[in-house]
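Everything on this sheet refers to the single structure shown next.
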Amino acid sequence: MLRRVDLRPSAAEQEPSFTSGHRLRQVLPRAEMDVDAAIAAVTPVIEGVRDRGYPAAREATARFDGVDLADPRVPAAAITDALATLDPAVRAALEESIRRARIVHRKQRRPTVEVQVVAGGTVTEKWIPVDRVGLYVPGGLAVYPSSVVMNVVPAQEAGVPSLVVCSPPQKEFGSLPHPTILAACALLGVEEVYAIGGAQAIALMAYGDSGEADGHSAGRVLIEPVDVVTGPGNIYVAAAKRVLRGVIGIDAEAGPTEIAILADASADPAHVAADLISQAEHDPMAASVLVTDSAELADAVDAEVSRQVQITKHTDRVRTALSGPQSATVLVGDLEQGLQVVNAYAAEHLEVITVDARKWAERVRSAGCIFVGASSPVSLGDYCAGSNHVLPTGCTARHASGLSVQSFLKGVHLVEYDHEALVEVSAHVIALADAEDLPAHGAAVKVRLA
């Protein structure tokens, strides 16, 4: 089911044929996402919401979701009822997930740092939360109350004063988001929730609806715009984020989920196969990649995948993902080459299941989140490790980070010099202003010297 990519050096070669990250990325498996085509599809929707507010979003929801809502605001009673009817075991699991996430994210907040540059001159860096954030929770092939936790907890721990959650309406639940998502919102104290999904949700959070587009607000839904939008979604959500970046801050353009596993002969093939399958059940475009220096492990994993796929619930979805061009087993000559491969691949989720796993994991430079050892599967991080599962995909882990408290904070410098400190450095400021032919900059200092 998993195709093979053999990067082992031949007997005649002294070094692997592919060593640079750029060349490796050309041969490694990757899901193909035509974001440009998606942008063409979502741009009219975004422009409609910008110009007409919620009525345009309502039309898009009716067209794409088959749901027509005059008011997408989820009633407070529906949120309360969802929590009251939640399975006790699921409630306990969500509460534990929230507790652990708070422990980790509370420690992420950076302190204010004041630096005395010279006598009488200081620069202070402080971190200020954004005023309002929009948190997107997808509702496609699966239900993701865990994404509510992963988005809301860091925003709350950052001190964001205003939160709004958007999630697609579900026909089978009275055109509201899935009740488990609403219950998670209740547990977290989120009261502003809207039954709207897709590009129209991102646009509505970005532009809001002032009720003024048609000259009156009667019968209109009033939504205040946000400063930052975070959360995973499909390709149209990713495209909307790309179009609206600048109007709003975003976390990332999240694409199909992906897992890479760096494993040696010590790994249990049943564990490896189960972890590959666990990501494949998300989406037919999900990527599952095994990187190993053991052909025997690769063969054993193939056998385990074939066996386990037959007994998993979403067999067709998993089979499509594992058989796609985005999934493969990559054979390498040794773990050093394997490390080069996983750094080039820059997986959203990377498992390291080797002898001395922590040693190898410490040397990884590009991954959204690294799971170390046989007892740290990705699904632990999805729910209850305390880490965040909103992570960079599509090789963007080379330069991007997962969602954290810092995603909702702005770093601001406070510069405070007294007169003597300004006088002491004034000649340098004036010299640089003259060198850049900006004499008024120098004059702004000179006028203070008298």
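The values are calculated or read from the model by the stated rules, or taken from the named source; none is laboratory data. Fair warning: this is a prediction, and the values are worked out from it, not measured in the lab. Glycine gets a Cβ as well: all are built from the backbone with ideal geometry, and neighbour counts include every protein chain shown.
For region 126-138, a residue qualifies if it is surrounded by fewer than 24 Cβ atoms within 10 Å (Cβ to Cβ) and over 19 Å from Gln108 (Cβ atoms), and the qualifying residues are Asp131, Arg132, Pro138. Across region 270-277, a minimum of one residue is classified as farther than 29 Å from Ala400 by Cα and touching a helix residue (DSSP H, G or I) at 6+ places or on another chain (Cβ under 6 Å).
Only residues that are surrounded by 20 or more Cβ atoms within 10 Å (Cβ to Cβ) and either within 29 Å of the chain's Cα centre (by Cα) or among the hydrophobic types (A, V, I, L, M, F, W, C) (or both) were counted in region 286-297, giving 8. Determine, yes or no, whether Ser278 is under 20 Å from the mean Cα position of the chain (by Cα) and surrounded by fewer than 22 Cβ atoms within 10 Å (Cβ to Cβ). In short, yes. Go through the residues of region 64-76 one by one and say whether even a single one is assigned to a loop (DSSP other than H, G, I, E, B), of a type outside the set (Asp, Glu), closer than 20 Å to Ala239 by Cα and touching a strand residue (DSSP E or B) at 6+ places or on another chain (Cβ under 6 Å). Within region 64-76, not a single residue is assigned to a loop (DSSP other than H, G, I, E, B), of a type outside the set (Asp, Glu), closer than 20 Å to Ala239 by Cα and touching a strand residue (DSSP E or B) at 6+ places or on another chain (Cβ under 6 Å). Taking the conditions exactly as written (outside the structural domain of Thr230 (by TED's automatic domain parsing), in a helix (DSSP H, G or I), among the small types (Gly, Ala, Ser) and touching a residue at least 24 places away in the same chain (Cβ under 8 Å)), does Ser407 satisfy them or not? The answer is yes for Ser407.
Surrounded by fewer than 17 Cβ atoms within 10 Å (Cβ to Cβ), in contact (Cβ under 8 Å) with a residue 60 or more places away in the chain and under 44 Å from the mean Cα position of the chain (by Cα): does that describe Val429?
It is false that Val429 is surrounded by fewer than 17 Cβ atoms within 10 Å (Cβ to Cβ), in contact (Cβ under 8 Å) with a residue 60 or more places away in the chain and under 44 Å from the mean Cα position of the chain (by Cα).
Could you please find all residues in region 348-398 being basic (Lys, Arg) and not in a loop (DSSP other than H, G, I, E, B)?
Arg358, Lys359, Arg398
Applying the set (1) part of a helix (DSSP H, G or I); (2) touching a Gly at 6+ places or on another chain (Cβ under 9 Å); (3) not β-branched (Val, Ile, Thr) to Gln308 leaves exactly one unmet item: (2). Assessment of region 400-408 against the conditions (of a type in the set (Gly, Ala, Ser) and either over 18 Å from Gly368 (Cβ atoms) or in contact with a Lys or Arg (Cβ under 9 Å, 6 or more places away or on another chain) (or both)) yields no matching residue. Residues that are aliphatic (A, V, I, L, M) and either surrounded by 15 or more Cβ atoms within 10 Å (Cβ to Cβ) or modelled with pLDDT under 95 (or both) within region 298-331 comprise Ala298, Ala300, Val301, Val305, Val309, Val318, Ala321, Leu322, Ala328, Val330, Leu331, listed in sequence order.
Looking at the structure I just gave you, is Ile235 outside the structural domain of Ile202 (by TED's automatic domain parsing), of a type in the set (Val, Ile, Thr), within 18 Å of the chain's Cα centre (by Cα) and buried (at least 20 other Cβ atoms within 10 Å of the Cβ)? Let's see the steps before the verdict.
Working: outside the structural domain of Ile202 (by TED's automatic domain parsing): no; of a type in the set (Val, Ile, Thr): yes; within 18 Å of the chain's Cα centre (by Cα): yes; buried (at least 20 other Cβ atoms within 10 Å of the Cβ): yes.
Spelling it out, it is not the case that Ile235 is outside the structural domain of Ile202 (by TED's automatic domain parsing), of a type in the set (Val, Ile, Thr), within 18 Å of the chain's Cα centre (by Cα) and buried (at least 20 other Cβ atoms within 10 Å of the Cβ).
If we scan region 284-293, do we find a residue that is in a helix (DSSP H, G or I) and of a type in the set (A, V, I, L, M, F, W, C)? No, region 284-293 contains no residue that is in a helix (DSSP H, G or I) and of a type in the set (A, V, I, L, M, F, W, C). Filtering region 187-213 to residues that are among the aliphatic types (A, V, I, L, M) and surrounded by fewer than 24 Cβ atoms within 10 Å (Cβ to Cβ) leaves Leu187, Leu188, Val190, Ala213.
May I ask you to verify whether Ala92 is in contact (Cβ under 8 Å) with a residue 60 or more places away in the chain, among the small types (Gly, Ala, Ser) and within 14 Å of Ala184 (Cα to Cα)? So Ala92 fails the test. Looking at the structure I just gave you, is Glu114 surrounded by fewer than 16 Cβ atoms within 10 Å (Cβ to Cβ), more than 18 Å from the chain's Cα centre (by Cα) and free of Cβ contacts under 8 Å to residues at least 40 places away in the same chain? For Glu114, the condition - surrounded by fewer than 16 Cβ atoms within 10 Å (Cβ to Cβ), more than 18 Å from the chain's Cα centre (by Cα) and free of Cβ contacts under 8 Å to residues at least 40 places away in the same chain - is met. Checking each residue in region 376-400 for being under 22 Å from Leu28 (Cβ atoms) and touching a residue at least 12 places away in the same chain (Cβ under 8 Å) picks out Val378, Leu391, Pro392, Thr393, Gly394, Cys395, Thr396, Ala397, Arg398, Ala400.
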